[in-house]
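Down below is the structure, laid out as structure tokens.
No value in this document is a laboratory result; all are computed from the given coordinates. Bear in mind that the values here come from a model prediction, so they are computed numbers and not experimental data.
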Amino acid sequence: MGLRAPTSKAYSRVQAAEAKSPLETEVAAEKAAALGRAGRAIEWALKQLDDPDIDDNREERLLRAAQAVQAYFLQRELNGLRDQREIINAFNIPRAVLNRIGIMRPR
């Protein structure tokens, strides 16, 4: 009786993860960095919402925050992460911002 390598799904996933080329590793790093930048943009935009020293009206700030949230959601979806509920809770994104996602500003 000969020996053969394990064929469990968990083992094959580990092998596949380790077998990435340098290009795939660099692409994964860039995806993570882009997601981090988009997350920081959300944090900045949400801080601006309640800042009394900003001259813009509140509607303009809500639209900026919605644009940042939409960009983050799209970045996550490009990475295969479709459920946004945990992000909404983690960032404590107000309903007023979520209601404005996708709204285009008049030029």
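Structural remarks
- Fully extending the segment from LYS20 to ARG58, taken as 0.36 nm per residue of separation minus the present Cα-Cα distance, adds 9.0 nm.
- Straightening the chain between ALA29 and ILE103 buys 23.6 nm, computed as 0.36 nm per residue apart minus the Cα-Cα spacing.
- Gain on full stretching of the segment that runs from GLU77 to ALA96 - 0.36 nm per residue minus C-alpha separation: 4.6 nm
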